[in-house]
1. Helix A:266-317 versus the longest principal axis of chain A: what is the Cα-based angle in degrees, 0 to 90, to the nearest 10?
2. So what is the relative contact order for segment A:156-303, in percent, with contacts set as C-alpha pairs under 8 Å and at least six apart?
3. Please express the shape of segment A:29-172 as an equivalent ellipsoid: the semi-axes are the square roots of 5 times the eigenvalues of the C-alpha gyration tensor, given largest first in whole angstrom.
4. Taking the radius of gyration and the Kirkwood hydrodynamic radius from Cα positions alone, what is the Rg/Rh ratio for segment A:250-299, to two decimal places?
5. Out of all DSSP beta bridges in chain A, what portion is antiparallel? Express it as a percent rounded to 5.
6. Convex hull volume of the Cα atoms in the protein assembly as shown, per residue, in Å³?
7. Which percent of the Cα-Cα distances in segment A:480-567 go past 17 Å?
8. Report, to the nearest 10°, how far helix A:87-101 tilts away from the longest principal axis of the Cα atoms in chain A, using its own Cα long axis and a range of 0 to 90°.
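Only the coordinates and a few stated rules stand behind these numbers; no lab work does. A quick note: this is a predicted structure, and the numbers were derived from the prediction, not measured. Cβ: placed from backbone, ideal geometry, glycine included. Neighbour counts: every protein chain shown.
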């Protein structure tokens, strides 16, 4: 199936739609990619900030608890209880400190890390306390401290140790707070990201997620081989959305740890961007629709004048040069229409000129004029000149009304012209009722003399026909005289520079006219007289049987001319 | 005025002269840190191993003052049975106490001289504190031997008048976790013992800047 558009409008439409769709699609892709990258970067930043906030919160609370413990350790009586290792009394005294410091656990430790007394019956799992004290001992401060995480009865705590001085360090206070749901919620409230704590077996310690999402998270996490520390956010499919996840490992002594998961939904972050993208899609569709409308309108506007031009061209081809397009556009099409009109003008002008030429000059001269321009000129050549004159025209003009006279004259001339032209003669001019015709000019003719004599005979026959018609009309017959001479004459355009006539001049022309006059001589009893020069120029003299009339003196010529009657 | 340095020199060398006059041996303990810098306020003592030693506390009490809210001296070495007075030279009250096992005591708040002297009858190190001035700390090293000396700024602790025989040299310092011991034999001639000690972190509390002047001096 060929889907290539056929019309200009369809092509333009397709182009518009492709351009608009490509531009919008590219914009859409760029915007979507930028939105996604920006959302990711935003979440990355948010999660990193949340991780820092977690560290800061823990540090701040540890600092407050250490300050409380250090103050409590200044109590002289507490020092005495430490030294005397009166654990029962110490145990009874510690809850006061827990209450005032808002700690979740307070313990009194000996120098070597033994728990002398605690607000909790259970002890931190593993070697956490020993590690904390060992770390504190490397702290060069007068009040050396150390902080860390610990599991106590399956709950997760942040612990800090502070020294008991008298004034040497005689023992340690351990003080801490529980990292539980309330803590996670506080962290979420501050950072805006979902907070989850897992223990070292991957079970939930605390989370701000709804139960369903939390269990989905757990199963998604179990698919991950290693969940140590993800400093930059990783993507995790979660509850039909994509979550970005940051993981921090919280060591609790040598062998234990907890995992802090901070997550934020990429889809949620992208929601405002998606709204913009949907809007962009509608804008795209609207733009395409607009492009269709505009391109159709434009194509029609463009196609209409083209169609008009096509129709106009067909009319010109059919010969109608009169119709004009007359476009008022000022663009290329307007100029094209104007050019068409100019062409029509030109064609019409040429047509008219040709028409006029045909009427005013012989078709041969007209053709040569049109071909070579008005430069026919000045050449000497042998031409056979035929003069024909109507006899008794003066009498006729007195009898007839001018209108009838002209009608009759034209009728006569028409017949004579036809006879001449049939023989390839060229009407040089009408001189009143006389006809001057040329054979062998402007087009050279080998048999010009033959043709001229044949034309003369044809004219006699044509006149006989005309006379029969006139007789039938009840009119008197007409008579003519024809003189034919062949001579070398000068042929060319003759006249002023504004008006030219193609003609021939020379003595030979006068001779031809004189021969015509001689036909009036009753003694000759002929209506066609020709010269010896013409007879000599005949190609087929056998067809002609001339009757010599003897030499005559022609006016203006010294030598007598041998003349002959033909027909 | 010209004579004073000469007199001071005589006084300084008097023990040496006295030792030289007797027939006993001499041990010159030199205490340095690993970089070779002298260590002050260390107590070197020699415990006779051959025969039990008799100590006789001095008749007059040894004095540890509180002056400008500091104990003076920082380290005091005494023999068992020595009585120590803790006069308060400041206008403010002090509360001198010890929670150390060899001699826990508690003088309460007082101005001037406390009511009683404290008798240190058990050997060991007693840490002194003032309950209301956390930065005040001092040590009384109670020894069961008369042969001891405290290093001065030059890190030297000369011990004289020693009957020849076998001794255990013990070196204590506030920033030593455990006492450094070394067995040695003292003859008639002088003996120099160089002890290198690695001191722990100095955790003495710096006194808080005086209120009202904080940050402006």
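1. Approximately 0 degrees, to the nearest 10.
2. 16 percent
3. That gives 40, 15, 13 Å for the three semi-axes.
4. My calculation puts Rg/Rh at 1.64.
5. 95 percent
6. Enclosed volume per residue, from the Cα hull, is 492 Å³.
7. Percentage above 17 Å: 51.
8. That works out to roughly 30 degrees.
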